[in-house]
Every structure is written in structure tokens, then in C-alpha cells.
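Engineer: Got a structure for you, questions after.
The values are calculated or read from the model by the stated rules, or taken from the named source; none is laboratory data. The structure displayed is predicted, hence computed values, not measured ones. Virtual Cβ from ideal backbone geometry, glycine too; neighbours counted across all protein chains shown. These area figures cover heavy atoms from the full protein model, side chains too; ligands, DNA and RNA do not enter into them. Shrake-Rupley method; radii C 1.70, N 1.55, O 1.52, S 1.80 Å.
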Amino acid sequence: MSAPTSSRTSAVVGIVLGLLVLGLMAAFAIGLPKAHGEEEVEVRELVLPDTLPGGYVASDDPAAFADGQLAEQADSIAAGERASRDHGNEVLPEVLGTPAATRTYVAEETQAVFVQVFQSEGGAFAPNSLPEPAEDGSVSTDMSKVGDGVCILTYGQPAGDGSAPAPAFSQCQVTRGGLTVQIGSAAIDAEELVDVAGELLDDLNEA
């Protein structure tokens with residue numbers, strides 16, 4: 001029995017909102033230092049895999065939605081995601097002047113996981129601003145060292161019981177072997193994002 005139309009619509013809206021969040025984050029998160037001097041750097045072909053470590057499936061593959069509430073729309077959603085992927089893979093290298101690739105993956109059936117990989121040592125990674133914590137210690141945006149990565153954490157409203165809210169969106173950068181991965185999601189915590197990025201970098205550097 002198929003899920004109600006309202007549920008499917010809500011899920012699609014969730015993905016669209018996720019894409020809007022990515023646009024806002026990318027506006028201040030990406031800045032790549034370019035190599036200088038006489039040393040030539042081998043240009044690498046960067047291709048993101050169909051699945052990420054941890055089992056997250058690319059949103060341009062209908063299989064990402066085949067067993068969930070968006071199964072009936074899987075082909076059309078995947079087609080749109082392929083178009084977005086292809087456009088991003090054309091624009092990023094052209095604008096940044098370095099090999100780069102982008103792809104979106106799916107967690108929890110409908111939640112987006114945004115990934116970009118660059119041939120770069122990274123480092124230029126920061127939000128537009130880092131507001132001073134409020135009197136109660138709460139913050140709207142924070143930046144933290146997490147494992148081998150650095151993460152921008154965006155928080156929602158504080159909980160009514162006084163407890164600290166979980167990040168509403170996490171975006172992390174990990175650099176290894178001359179490649180940098182930036183990965184963001186509202187559904188996965190920063191620690192797991194850094195782990196996934198690290199394993200992805202290992203796989204890409206072994207390819």
C-alpha cells in the first residue's frame with residue numbers, strides 16, 4: 001500500500017529545503033587556496049562513488065528511494081538529481097580552477113547528505129560570522145575541531161527545558177592526500193560526517 005500523498009509531499013519538501021540549506025552554507029563555506037610556485041601538480045580526475053561509506057546511496061540513483069515512501073517517484077527524483085549533479089560537476093572545476101566533483105546522497109530515506117571533493121589542501125573554511133554566545137551559553141553558529149576534520153555547526157532554537165539543542169545542520173571539511181572533502185547534513189552528526197569523509201578520502205586516494 002503506497003504512502004499518503006501528503007507524506008510523499010512532505011518528504012520531497014524536506015529534500016528541497018535541504019538543498020536550500022546547502023546553498024546557504026556553500027555561500028560562505030567554500031574557498032580554495034591555489035598552489036603557487038614552479039612545482040607542477042598532477043591533475044586528478046575526481047569521481048564520487050554511487051554509495052558512501054556507511055551505506056548512503058546517491059540521490060541520482062533510483063535505488064536511494066526504492067524501499068521508502070518516495071518509491072513511486074524514485075525515477076523522476078533521481079533524474080532531477082542527476083541533472084543537478086552534472087551541472088555542479090561542470091561548474092565547480094570551471095569556476096574554482098581545480099578538479100572538483102559534487103554529489104548528493106540520501107540518509108533516512110529522505111534526508112540529504114551533500115558532498116563535494118576538491119583537489120586542494122583545503123583550510124579556507126568558515127561561516128559568515130561567529131556570533132558571541134548568548135548569556136545562557138547558547139550559540140546560533142559554532143565552529144569546532146572534530147576528529148580529523150573541522151565542522152561548522154548551525155543550531156536551532158534552544159530547548160524549552162534549558163538543555164542545549166543538537167545542531168540543526170553540520171558541515172565538515174577533511175583534508176588528506178592532496179584532496180579535500182566537504183560534507184554536510186541535517187540528519188547525521190558531525191562525528192559521523194567526519195568519519196565518512198575520512199573513509200571516502202582513503203578510497204579516493206587509493207583509486
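Engineer: Among DSSP beta bridges lying fully in the range 51-206, give the percent that are antiparallel, nearest 5.
Structural biologist: On the way: 36 of 36 bridges.
Bridges in the range 51-206 are about 100 percent antiparallel.
Engineer: With a 1.4 Å probe and all protein chains left in place, how much accessible area per residue does the range 112-207 have, in Å²?
Structural biologist: Numbers: 4460 Å² over 96 residues.
Ligands and nucleic acids excluded, the figure is 46 Å² per residue.
Engineer: Please label the shape of the range 51-206 as rounded, prolate or oblate, based on the square roots a ≥ b ≥ c of the eigenvalues of the alpha-carbon gyration tensor (a/c under 1.5 means rounded; beyond that, a/b larger than b/c means prolate, else oblate).
Structural biologist: oblate
Engineer: Let me ask another. Considering only protein heavy atoms and a probe of 1.4 Å, how much of the accessible area of the range 51-206 is carbon and sulfur, as a whole percent?
Structural biologist: 47
Engineer: Under a point spin-label approximation (7 Å from Cα along Cα-to-Cβ), what is the Asp203-Val91 distance to one decimal in nm?
Structural biologist: 2.5
Engineer: Further question: Step through the residues of the range 65-73 one at a time and calculate ³J(HN,Hα) from phi using the Karplus curve (6.51 cos²θ - 1.76 cosθ + 1.60, θ = phi - 60°), rounding each to whole Hz and writing x for Gly and Pro.
Structural biologist: Going residue by residue, I get 10, 4, 9, x, 6, 9, 4, 5, 9 Hz, with x marking Gly and Pro.
Engineer: At 0.36 nm per residue, and after removing the present C-alpha to C-alpha distance, how many nm does the segment from Asp50 to Ala166 gain when stretched out fully?
Structural biologist: Computed gain between Asp50 and Ala166 is 38.9 nm.
Engineer: Here's a follow-up. Pop a pseudo-label 7 angstrom from the Cα along the beta-carbon direction at both Met143 and Ala79 and give the gap in nm to one decimal.
Structural biologist: Placing both labels 7 Å beyond Cα along the Cβ direction yields 4.2 nm.
Engineer: Still on this model: Need one number: nm distance between label points at Glu191 and Ala126, each 7 Å from Cα along Cα→Cβ, rounded to one decimal.
Structural biologist: 2.8
Engineer: Something else about it: In terms of solvent-accessible area of protein heavy atoms at a 1.4 angstrom probe, what is the ranking of Arg103, Arg44, highest value first?
Structural biologist: The residues order as Arg44, Arg103, largest area first.
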